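Report on the following structure.
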């Protein structure tokens, strides 16, 4: 709802920006609003900022624009609660695309984006850690179901994709695959992010299975939802047999940390929970669906805020007598694991693929 | 609006405050809790009311009653307008802030102090959300009945200020029926308490009640004591299609006359039905003239019996289809149609203006017909839905405000709608408040003597007229 269209700066897609009816339903869903109850740091407030930027009511150099574009976690928790269907995630991508143009981009982002910008660099990232268990399938894949190897997951948690394959033999892991472009898209390089997704779509024809909720949502937005399957969704779809009979004396108490983009972007929440319930007792803490503060590059760009967002999760976890915390996204893995370590909680963190492997949740061959 | 002045780099825009005012406010609440940067002022220039824009000069975020009092003393001494604000979800421009004003955000005062099942009360600060209070009550087997559409985000302070209603008003009443006591800071900085945990307490004028619906013009609420009631053990829902809304209204009257007091009686007109179906494809009958959704709560047998009696009344009045939900999923599906109305309408055009008027229940069908007639005459799309039990309806216009003449036609249409509501013995607002948007019609409904009294009451509370000026008795 802006005035004369000719005064628009063209930073945002008008239909996306006009859709917000300012009802404020997003406020309680927003982790950054929850911190200090300042609306400038809420989805509605940020859309007001975007509108002011678009119409020139705010100068594009105004520091609050830079601050809020970066303070937002991009968790998209505002989307499912929005009665008007505002696609906030897309608006944020467009905003950062403008906000972080050229020299205005946070310095810490350059090396991250550089590392994943070319397929060969991404492959180099993972070469020492053997994220792929099986022999390379040569160059381009011809398989109909391919497992995507996350860029940073290869380095940090190579065991995740190895376990993902061990659980389901049908998955092929082509050696030649680059980055999905989510990192670019969320950090001010929207077009490059889409380009990388399309490139990966060619490298991995057919269905793409991914162990990262964030990658899943980005790929789905570019390649179409039908081509992309998040790993817990993949396992939940398979008619899996009961876990092997080696149940421990006490049922494990297992908490979950949702992946924001899987939950808020793709509606994936029931699937990992159903898998967990086949292994142990699901402890669905109130903060399970709330961003953990990893938020892609956020934990690197704003470590203090990132830790502050995580506090609530730790407080709930502390005393919940949980044995395991399951994640479905590598970023959350790192965030949750290091925070739990810092707090000294006796909780193991596992990716859903690792949980499936450990507890014999195999998909039918 | 001095927009050019806001384009300073991070510094505050030009101020009309006396020198040192921001520093004095910061001394009260802390430096981080006073915001005067252009971006924050932008965020606090609007509430949920379409097309209404204010121009505050700073926003303060107090955490205690003492801080609120400190802010009011500074504002009163300098005659600075103060606009109290919760979640900013009102639809009447109730929290749009005039130029040179302070927005007083109560969102940080969000402590739910206690739920006392013995006295059946809850005590909380104004920034607690309505649904949080309801959940806390439910944990003790109690019910906080007011359930405005914005309950997940709206604050209880805002609910009291706007005297919010909701879907259960016919059976349970509205916010004012649950306010037992308040603590409030006056415009001049003193703190008063009125009422408390007592059901019977007639010492003094009923100031708690006076503050309900006062829209932040009389005092700033800092603590509220709410009455709670036992939660019903069962709920049930049903629906009926009619070829004409008149029949639905007749069915409602018949059911009530038969001694049923339903908890929910929602109607959706044909335009809404078609819009919802176009958007959500949930299998609604788009040939029907109206959909009536009814619900009852209580013990299991009463719920079942009452739903059956309402269904029978619907059939008697010519309903084309009647269904009682037998499972939770079915009930959710029934309510989905009602919930999807606003989102569906909002997708038709860039702006959605959700209005509010009430007529005596017996005149509801007549009123809705009038709305449809007005819509045709002014070439507007107006969907109407609302509460058939209490005569409260929400004619909703969808328009592109950039289209030449669209706003004028909308304004003219609403003028006719409110005039008709008053003529039928109704009200220009049932639950959204008067705010800045309905102010032009207030005197038409109340009369000049009544409005003059409002002004005298306002002056007694707020001699310098600093609290939310331009609203109600200002």
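The values are calculated or read from the model by the stated rules, or taken from the named source; none is laboratory data. If you're wondering where the values come from, they're calculated on a predicted model, not measured in any experiment. A quick note on method: Cβ atoms are made from the backbone with ideal geometry, for glycine too, and the neighbour counts reach across all protein chains shown.
General observations
- Taken together, the residues in segment B:164-199 that are within 13 Å of the chain's Cα centre (by Cα) and part of a loop (DSSP other than H, G, I, E, B) amount to 5.
- Filter pass, residue A:319 being modelled with pLDDT under 95, touching a strand residue (DSSP E or B) at 6+ places or on another chain (Cβ under 6 Å) and more than 25 Å from residue A:218 (Cβ to Cβ): no
- Yes/no for residue A:55 being facing another protein chain (nearest Cβ under 10 Å) and farther than 24 Å from residue A:293 by Cα: yes
- The condition of being closer than 30 Å to residue B:301 by Cβ, surrounded by 21 or more Cβ atoms within 10 Å (Cβ to Cβ), in contact with a strand residue (DSSP E or B) (Cβ under 7 Å, 6 or more places away or on another chain) and in contact (Cβ under 8 Å) with a residue 40 or more places away in the chain does not hold for residue B:211.
- Residues of segment A:200-217 satisfying the condition of being assigned to a helix (DSSP H, G or I) and touching a strand residue (DSSP E or B) at 6+ places or on another chain (Cβ under 9 Å): A:200, A:201, A:203, A:213, A:215, A:216, A:217
- The residue that is farthest from the other protein chains (Cβ to nearest Cβ), among those in segment B:53-72 that are crowded, with 20+ Cβ neighbours inside 10 Å and in a loop (DSSP other than H, G, I, E, B), is B:57.
- Test: residue in segment A:264-273 that is within 22 Å of residue A:180 (Cα to Cα), out of contact with any helix residue (DSSP H, G or I) (no Cβ under 6 Å at 6 or more places or on another chain), surrounded by fewer than 19 Cβ atoms within 10 Å (Cβ to Cβ) and at pLDDT 95 or above: yes
- Within segment B:418-474, tally of residues that are surrounded by fewer than 17 Cβ atoms within 10 Å (Cβ to Cβ), touching a residue at least 40 places away in the same chain (Cβ under 8 Å) and over 29 Å from residue B:71 (Cβ atoms): 1
- Within segment A:19-40, considering residues that are crowded, with 22+ Cβ neighbours inside 10 Å and assigned to a helix (DSSP H, G or I), the one farthest from the other protein chains (Cβ to nearest Cβ): A:31
- Hey, residue A:66 within 21 Å of the chain's Cα centre (by Cα), within 12 Å of chain B (Cβ to nearest Cβ) and not in a loop (DSSP other than H, G, I, E, B) or not: no
- Residue A:105 being within 30 Å of residue A:171 (Cα to Cα) and at pLDDT below 85: no
- The sole residue among A:237, A:251 that is under 19 Å from residue A:358 (Cα atoms), surrounded by fewer than 18 Cβ atoms within 10 Å (Cβ to Cβ) and in contact with a strand residue (DSSP E or B) (Cβ under 8 Å, 6 or more places away or on another chain) is A:251.
- Restricting attention to segment B:316-343, the residues that are farther than 19 Å from residue B:385 by Cβ and out of contact with any strand residue (DSSP E or B) (no Cβ under 6 Å at 6 or more places or on another chain) total 8.
- Of A:14, A:106, A:83, all but one fail to be touching a helix residue (DSSP H, G or I) at 6+ places or on another chain (Cβ under 6 Å), surrounded by fewer than 19 Cβ atoms within 10 Å (Cβ to Cβ) and facing chain B (nearest Cβ under 9 Å); the exception is A:83.
- Residue satisfying all of: in segment B:352-382; in a strand (DSSP E or B) and away from chain A (no Cβ under 14 Å); surrounded by the fewest Cβ atoms within 10 Å (Cβ to Cβ) among these: B:381
- Residue check, residue B:430 at positive phi and either touching a strand residue (DSSP E or B) at 6+ places or on another chain (Cβ under 6 Å) or outside any loop (DSSP other than H, G, I, E, B) (or both): no
- Among the residues of segment B:266-279, none is identified as in contact with a strand residue (DSSP E or B) (Cβ under 7 Å, 6 or more places away or on another chain) and either over 18 Å from residue B:395 (Cβ atoms) or assigned to a loop (DSSP other than H, G, I, E, B) (or both).
- Taken together, the residues in segment B:24-50 that are more than 7 Å from chain A (Cβ to nearest Cβ), assigned to a helix (DSSP H, G or I) and more than 28 Å from residue A:83 (Cβ to Cβ) amount to 9.
- Taking the conditions (1) within 14 Å of chain A (Cβ to nearest Cβ); (2) without any contact (Cβ under 8 Å) to a residue 60 or more places away in the chain in turn, residue B:194 satisfies each one other than (1).
- Residue within segment A:316-328 that is closer than 24 Å to residue A:145 by Cα, buried (at least 24 other Cβ atoms within 10 Å of the Cβ) and touching a residue at least 12 places away in the same chain (Cβ under 8 Å) present: yes
- Look at (1) modelled with pLDDT under 95; (2) within 14 Å of another protein chain (Cβ to nearest Cβ); (3) in contact with a strand residue (DSSP E or B) (Cβ under 9 Å, 6 or more places away or on another chain) and you find that residue B:13 fails only one, number (3).
- Any hit, segment B:352-368, residues being touching a residue at least 24 places away in the same chain (Cβ under 8 Å) and on the phi > 0 side of the Ramachandran plot: no
- Single unsatisfied condition, residue B:349 versus (1) in contact with a helix residue (DSSP H, G or I) (Cβ under 8 Å, 6 or more places away or on another chain); (2) outside any helix (DSSP H, G or I); (3) within 14 Å of chain A (Cβ to nearest Cβ): (1)
- Leading residue by the ranking (farthest from the other protein chains (Cβ to nearest Cβ)) among those in segment B:110-128 that are assigned to a strand (DSSP E or B) and touching a strand residue (DSSP E or B) at 6+ places or on another chain (Cβ under 6 Å): B:121
- Residue among B:386, B:391 that is touching a strand residue (DSSP E or B) at 6+ places or on another chain (Cβ under 7 Å), in contact (Cβ under 8 Å) with a residue 60 or more places away in the chain and at positive phi: B:386
- Scope segment B:137-163; condition assigned to a helix (DSSP H, G or I) and either modelled with pLDDT under 95 or more than 14 Å from chain A (Cβ to nearest Cβ) (or both); matching residues: B:137, B:138, B:160, B:161
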